[in-house]
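Read the structure below first, then the notes.
The values are calculated or read from the model by the stated rules, or taken from the named source; none is laboratory data. Just so it is clear, the model here is predicted, and its values are computed rather than measured. Every residue, glycine among them, receives a Cβ derived from its backbone with ideal geometry; neighbour counts consider all protein chains shown.
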Amino acid sequence: MRSLTVLSGGMGGARFLQGLLHGIAAGTLPGVAPDAHVTVVANNADDWWVHGLKVCPDLDTVMYTLGDGIDLERGWGRRAETWSAKEELAAYGVEPTWFGLGDRDIATHLVRTQMLEAGYPLSQVTAALCRRWLTPTYGETLSLLPMTDDRVETHVAVADADAASGKRVVHFQEYWVRLRAEVPAEQVVFVGLDRSTPAPGVIDAIAGADLVVLPPSNPVVSVGTILGVPGIRDAVRNTPGKVVGLSPIVGDSHVRGMARQMLTAIGVEVSAAGVALNYGARSAGGVLDGWLVDERDAEQVARIEAAGIRAAAVPLMMTDHDATAAMAASAVDLVRSTR
Ligand code: GDP
Ligand code: CA
């Protein structure tokens with residue numbers, strides 16, 4: 001295999017990519033060339049405008065993680081960050097005070113916003129930012145693309161006793177950062193998604209891939225939004241390459257993040273099998289040839305296979321690069337021999 005395409009969210013996707021790239025470089029992925037090209041198609045429906053800046057959390061998490069600029073403890077934002085701008089904004093009483101933009105991070109958003117305002121599409125802006133973060137290490141072997149150049153935003157409806165409708169719709173960032181996903185999500189709304197078009201290069205990267213990987217990213221607000229860009233799901237269905245996914249649910253828990261809340265909101269069973277069946281088998285109009293579950297969920301393998309998806313149970317905790325590279329190797333191996 002010479003070309004792999006990964007449909008990624010933020011933290012889960014970025015960690016997986018670290019392990020995948022580690023495995024490719026070490027030559028431990030069966031049948032994958034050491035100079036294979038990896039294209040990351042990242043979710044950009046978490047994006048929002050704040051303090052006049054365009055912030056793309058998943059793109060930045062992937063870029064900072066793979067470029068070794070991420071704060072390892074938080075898992076997002078820049079390492080050795082300072083917060084003077086945030087404190088100054090708070091001193092002016094400017095909302096939202098619950099969303100922290102670090103000083104170093106702000107430079108990224110300033111560059112991005114300036115370029116967008118000069119007329120460059122997000123995909124070209126992302127490529128420009130990646131020249132700092134990815135090119136020095138990966139050269140031409142790694143590309144990071146937003147799923148779309150269009151503005152798409154995930155919003156979440158939550159119960160609000162004070163509202164006439166009994167509901168309030170908040171931006172995804174407010175649900176996650178301010179409400180900490182602690183209140184039930186009643187509905188998830190993807191504003192602009194149905195009118196969006198894939199960013200340049202996205203369809204070609206899927207159609208031309210030997211392997212498309214759905215990493216253990218949030219199946220609703222990360223991979224779900226990518227597949228929801230008109231044209232992308234069909235490209236995954238029709239690629240001549242193989243399509244394999246890894247479960248973000250381990251032992252009926254989402255490890256970290258809020259996949260449980262999002263799956264519940266769309267009425268999908270919170271389990272490795274529930275997520276697999278929701279993606280569906282390619283042979284039955286879905287997107288998967290293969291699906292890995294954690295060893296704790298081994299009893300779900302038969303149910304997934306009965307739906308036409310090849311499945312296996314292996315350790316799926318991304319504890320370090322070696323463990324994650326082993327997950328990637330198992331994923332490649334699972335679908336290598338499927339028709
Ligand atoms: P986000 O955009 O930062 O929320 O990141 P992603 O959407 O890429 O990934 C978040 C999801 O990764 C979470 O909802 C978890 O279900 C999953 N996840 C995080 N850590 C692990 C892990 O170690 N193993 C597995 N299997 N899934 C994980
Ligand atoms: Ca995200």
Can you name the residue in segment 86-112 that is hydroxyl-bearing (Ser, Thr, Tyr) and over 17 Å from Asp58 (Cβ atoms) and is also surrounded by the most Cβ atoms within 10 Å (Cβ to Cβ) among such residues? Thr97
Among residues of segment 232-253 being buried (at least 21 other Cβ atoms within 10 Å of the Cβ) and closer than 20 Å to Met318 by Cβ, the residue farthest from ligand 2 (Cβ to nearest atom) is Val244
Would segment 224-231 turn up any residue that is within 16 Å of ligand 2 (Cβ to nearest atom) and among the hydroxyl-bearing types (Ser, Thr, Tyr)? yes
Is there any pair with a first residue in segment 1-27 that is within 10 Å of Thr61 (Cα to Cα) and a second that is within 13 Å of ligand 2 (Cβ to nearest atom) and assigned to a helix (DSSP H, G or I) whose Cβ atoms are under 6 Å apart and which are 6 or more apart or on different chains, and what are they? Gly9/Asp58; Gly10/Pro57; Gly10/Asp58; Gly10/Thr61; Met11/Thr61; Ala14/Thr61; Ala14/Val62; Ala14/Thr65
Would you point out which residue out of Asp105, Asp60 is within 16 Å of ligand 2 (Cβ to nearest atom), part of a helix (DSSP H, G or I), at pLDDT 95 or above and more than 18 Å from the chain's Cα centre (by Cα)? Asp105
May I ask you to list pairs of residues, at least six apart or on different chains, whose Cβ atoms are under 7 Å apart, with the first in segment 31-46 being free of Cβ contacts under 8 Å to residues at least 60 places away in the same chain and the second being more than 16 Å from ligand 2 (Cβ to nearest atom)? Ala33/Met1; Ala33/Arg2; Pro34/Ile24; Pro34/Ala25; Pro34/Gly27
What residue, among those in segment 80-102 that are of a type in the set (D, E, K, R) and more than 27 Å from the chain's Cα centre (by Cα), is nearest to Leu179 (Cα to Cα)? Glu95
Being more than 13 Å from ligand 2 (Cβ to nearest atom), aliphatic (A, V, I, L, M), surrounded by fewer than 24 Cβ atoms within 10 Å (Cβ to Cβ) and farther than 26 Å from Leu288 by Cα narrows Val38, Val50, Val55, Val32 down to just Val50
Residues in segment 323-336: is at least one at pLDDT below 95, in a helix (DSSP H, G or I) and of a type outside the set (Phe, Trp, Tyr)? yes
With the requirement that a residue be on the phi > 0 side of the Ramachandran plot and in contact with a strand residue (DSSP E or B) (Cβ under 9 Å, 6 or more places away or on another chain), what does segment 254-290 give you? Gly280
Would you tally the residues in segment 45-55 being within 11 Å of ligand 1 (Cβ to nearest atom) and either within 23 Å of Ala85 (Cβ to Cβ) or β-branched (Val, Ile, Thr) (or both)? 1
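Results for (1) assigned to a loop (DSSP other than H, G, I, E, B); (2) without any contact (Cβ under 8 Å) to a residue 40 or more places away in the chain; (3) crowded, with 19+ Cβ neighbours inside 10 Å, shown as yes or no for each residue.
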| position | (1), (2), (3) |
| --- | --- |
| Gly119 | yes, yes, no |
| Cys130 | no, no, yes |
| Asp150 | yes, no, no |
| Arg168 | no, yes, no |
| Trp176 | no, no, yes |
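Got a sec? Which helices (runs of 4 or more DSSP H) wholly within segment 180-284 have at least 2 residues that are within 26 Å of Ala329 (Cβ to Cβ)? Lay out the reasoning, then the answer.
On the way: elements: 202-207, 223-228, 232-238, 259-265, 272-279.
Hits in segment 180-284: 202-207, 223-228, 232-238, 272-279.
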Ala306: passes all of (1) among the aliphatic types (A, V, I, L, M); (2) touching a strand residue (DSSP E or B) at 6+ places or on another chain (Cβ under 7 Å); (3) without any contact (Cβ under 8 Å) to a residue 12 or more places away in the chain but (2)
